[in-house]
Amino acid sequence: MPLTPALYIAHGAPPLLENHLWGSQLATWGQDLAAPNAILIVSAHWESAPLSLGSTSGKTPLIYDFGGFDSKYYSLQYRAPGAPELATRIKALLTEPVAHQESRGLDHGAYVPLLKMFPQAQIPVLQMSIPTHDPEALFKIGQQLAPLREEGVLIIGSGFLTHGLRFLRDFSIDALPPGWSLEFDLWAKEALERGAVDELMNYKALAPGMPYAHPTVEHFAPIFITLGAATQPDAAPETRIDGYWMGLSKRSFQVA
């Protein structure tokens, strides 16, 4: 079986589903991937320690963890099968304690992009929490999870390359990116292209645009699980989506 890539994707709120450009970019990406046996997704919207795994039951439930949107978004469904075997495998691979929150469904950082990438909801999905913001610890978790890629598991870190929502002044979809968003995005792009994982890990000190790009860091943290799961973390990833949404960088990539 060919090695399944690992992804870092930017996710938007539910209105992303109505955006033709971003939606088509995600859909094309999903179509280009060989169908995985299962999906393990780490979303910015589940921070829980110890590291926790979500529902493994059939037809995984959803969490409508947003407010102020059209009522239609509160009836979205993504009835993917659960992945109990994957949960068991993860517990065997990780050296740290793993909790299980069976009642915890998929949040919008998981199901919004999956609705576009794998709309048939036929692939078993398991969500895993972010147990820490420490880049080195998250990178180590990614390394321990890397063998799953040989078993056809698609590992996805879901966040947003810049996420300074509180500092935005223009909330239109095609708003020009603020300087801090543009600077952080271009810095991260260049570091990724050089495989400078050590610099990315030190982003709080080195990246221009901080702390405006990430006043809280949960949307950047999943990138380190993705990079840790890479066969060669210092190899340049393949950028699949770039550009901006409300001025925030939606840069997304896959690693071999």
request  = Could you list, in sequence order, all residues of segment 93-127 that are closer than 23 Å to A10 by Cβ, in contact (Cβ under 8 Å) with a residue 60 or more places away in the chain and out of contact with any Ser or Thr (no Cβ under 7 Å at 6 or more places or on another chain)?
outcome  = H108, V112, L114, L115, K116, M117, F118, P119, I123
remark   = Taking segment 222-244 and keeping residues surrounded by 22 or more Cβ atoms within 10 Å (Cβ to Cβ) and among the hydrophobic types (A, V, I, L, M, F, W, C) leaves I223, F224, I225, L227, A229, A230
query = So which of G23, G82 ends up being part of a loop (DSSP other than H, G, I, E, B) and of a type outside the set (A, V, I, L, M)?
reply = G82
task = List every residue pair whose Cβ atoms sit under 6 Å apart, with the two residues 6 or more apart in sequence or on different chains, where the first one lies in segment 66-91 and is over 20 Å from Q143 (Cα atoms) and the second, anywhere, is of a type in the set (F, W, Y) and surrounded by fewer than 19 Cβ atoms within 10 Å (Cβ to Cβ).
result = Y74/Y64
ask   = Just one of the numbered conditions (1) in contact (Cβ under 8 Å) with a residue 40 or more places away in the chain; (2) touching an Asp or Glu at 6+ places or on another chain (Cβ under 8 Å); (3) assigned to a loop (DSSP other than H, G, I, E, B) is not true of T231; which one?
value = (2)
message = Of everything in segment 34-72, what is modelled with pLDDT under 95, of a type in the set (F, W, Y) and more than 17 Å from E218 (Cα to Cα)? Give them in sequence order.
response = F69
task = Check segment 174-186 and report whether any residue there is at pLDDT below 95, over 17 Å from the mean Cα position of the chain (by Cα) and over 30 Å from P2 (Cα atoms).
result = yes
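The values are calculated or read from the model by the stated rules, or taken from the named source; none is laboratory data. Note that the structure is predicted; figures quoted are calculated from it, not measured. Glycine gets a Cβ as well: all are built from the backbone with ideal geometry, and neighbour counts include every protein chain shown.
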